[in-house]
Amino acid sequence: MSSGIVFAEGHIWKKQRQIGNASLRLLGEGKKRIENHVKEGAQQLVEIFANSKGQPFDPSLPLINTVSNVICAFSFGHQFALEDKSFQKLVEDLKTTIRGTGRVSHLLYEAFPSLMKRLPGPHQKSLVSAERILLFGRQEIERHKQYQSLYEPQDFIDYYLLQMEKSKVDPTSVYNEENLSVCLFELFIGGTETTHESLMWALLLLVNHPDIQEKVRKEIEDVFGASGSISYEDRHKLPYTQAVIHETLRAKFVLFTPVPRQSLRDVTMQGFHIPKGAIILNDLRSLLLDPEQWETPLEFNPNHFLDEDGNFWTREAFLPFGGGQRVCLGEKLTRIELFIILTSLLRTFHFQLSEGVEKLDERPIVSMTLTSRPYKICAVPHHTS
């Protein structure tokens, strides 16, 4: 039976999911530790983007460094200096593992793992990187066991080790280091890919739609001025900004092929029989691009999330993170990152096309995810634009 959360089922899945939700509440909403880490990362991004001096640059690496460091803060209780060699290697392994996901060799590995482990091919590089990510997590677990704050958990590992201690006399407990290391791996892969690509799509779309970008900037300036901290709880004061973020998640949803699910019982739905044990793949396109739900489903249109008075509202068909009990565990964290990072960047810079470029290519690279094609943009500080 699978470990962790994503591919686990039954008792193992239930308990890992519970501890994931509980630790996010403890470390996120309560003391806002995670939000503070996101703000630190956003400020670093502002400084890095400013160093480009308004010249064309690729935002991909700074963005993936930032979102990876947020996961480090949640998981390990600390962030890494960007020049840290072990962190650079972790990010490189994350990129390699994510790139390998969705290739034919990866799909064959999922179907025939024992065989594919023995065969050469591009999947072997991804397997090596995935194993190094697991090892990175195991090393952090060992450090936490030596210096843990059991009864004042500072991060996900602390919180998990506390649950292991509490349940060590329970023979049915599934809190163990194997499940913990797999949970860490899944947090890094899932938390990095979705947020990083959503930010890449957001900047691309805003550069291609300067009128929308200017509306967001003006709303932020009208409400908060040119300085002062913006928190996630302030999102209700920025309806247009919220609409732009939600429309990005709708129009350029990242997860093309969701994690397969299995029917627990025989079901008849709209005249179709789904037998118990059938493997089911959700089609997010059927919701997020449904012409019956969205006025202009193939266009980037923030008005999809605004009522006639300009107030923000959402719709039942907006499910980029999935739904039900298996909804993405990191949805709240991704929302916090998108809001804080984008508001920090857009109140500081005007993002524009490189000289001679008429429009950035909005066609996605398709695998298990829909990722943007490489691009360069210019970040021009507002006071010099």
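Applying the criteria of a DSSP loop state and at most 15 other Cβ atoms within 10 Å to the GluC sites (Glu not before Pro) of region 324-385 yields Glu355, Glu358, Glu362. When shorter helices are ignored and each DSSP H run of at least 4 residues is given -39500 (n - 2.57), the per-residue value for the chain at 222 nm works out to -16500 deg cm²/dmol.
Within region 11-66, the trypsin sites (Lys or Arg not before Pro) that combine a DSSP coil assignment with at most 13 other C-beta atoms in a 10 angstrom radius are Lys31, Lys53.
What does the C-alpha gyration tensor say about the overall shape of region 123-174? Classify as rounded when a/c is under 1.5, otherwise prolate if a/b is larger than b/c, or oblate. In terms of gyration-tensor shape, oblate.
Short to long, the 10 Å bins of the Cα pair-distance histogram for the chain hold 4, 21, 32, 26, 13, 3, 0 percent of all pairs.
As I understand it, the dipole of the chain uses +1 on the Cβ of Lys and Arg and -1 on the Cβ of Asp and Glu, about the Cα centre. Which of Leu82, Ile274, Val244 lies farthest toward its positive end? Of Leu82, Ile274, Val244, it is Ile274. Once you keep just the Cα pairs under 8 angstrom separated by 6 or more residues, what percentage relative contact order results for the chain? Taking the mean separation of contacting Cα pairs over the length of the chain, I get 23 percent. Ordering Phe321, Leu287, Leu184 by the projection of their Cα atoms onto the charge dipole of the chain, which places +1 on the Cβ of Lys and Arg and -1 on the Cβ of Asp and Glu, puts Leu184 at the extreme positive end.
Taking Ala50, Ala317, Ala278 in turn, the Gaussian network model of the chain (Cα-Cα springs below 10 Å) assigns the largest fluctuation to Ala278. Pick from Glu40, Glu165, Glu186 the residue whose mean-square fluctuation is largest in a GNM of the chain, springs joining Cα atoms under 10 Å. Among Glu40, Glu165, Glu186, the largest GNM mean-square fluctuation belongs to Glu165.
If you take the square roots of the eigenvalues of the alpha-carbon gyration tensor of region 269-348 and sort them as a ≥ b ≥ c, do you get rounded (a/c under 1.5), prolate (a/b over b/c) or oblate? In terms of gyration-tensor shape, oblate.
Ordering Leu342, His196, Gln146 by the projection of their Cα atoms onto the charge dipole of the chain, which places +1 on the Cβ of Lys and Arg and -1 on the Cβ of Asp and Glu, puts Gln146 at the extreme positive end.
Among the trypsin sites (Lys or Arg not before Pro) within region 153-243, those in coil by DSSP and having at most 11 neighbouring Cβ atoms inside 10 Å are Lys168. For the chain, hydrophobic long helices are taken as DSSP H runs at least 20 Å long by C-alpha position along their axis with mean Kyte-Doolittle hydropathy of -0.5 or more; these are 33-50, 60-76, 177-208, 331-346. Using a/c under 1.5 as the rounded threshold, could you call region 323-382 rounded, prolate or oblate? The axes a ≥ b ≥ c are square roots of the C-alpha gyration tensor eigenvalues, and prolate needs a/b larger than b/c, oblate otherwise. It comes out oblate by the Cα gyration axes. Result for the chain in a Gaussian network model with C-alpha springs under 10 Å: among Glu178, Glu219, Glu292, the largest mean-square fluctuation is at Glu292. Cross-linked pairs Lys32/Lys215; Lys14/Lys145; Lys218/Lys376; Lys53/Lys89; Lys95/Lys237; Lys53/Lys252: Cα-Cα separations exceed 32 Å for Lys95/Lys237.
Laboratory data are not the source of any read-out in this text; all were calculated from the coordinates shown. Because the structure is a prediction, the values reported are computed rather than measured. FYI the Cβ positions are ideal-geometry reconstructions off the backbone, even for glycines, and counts take in every protein chain you see.
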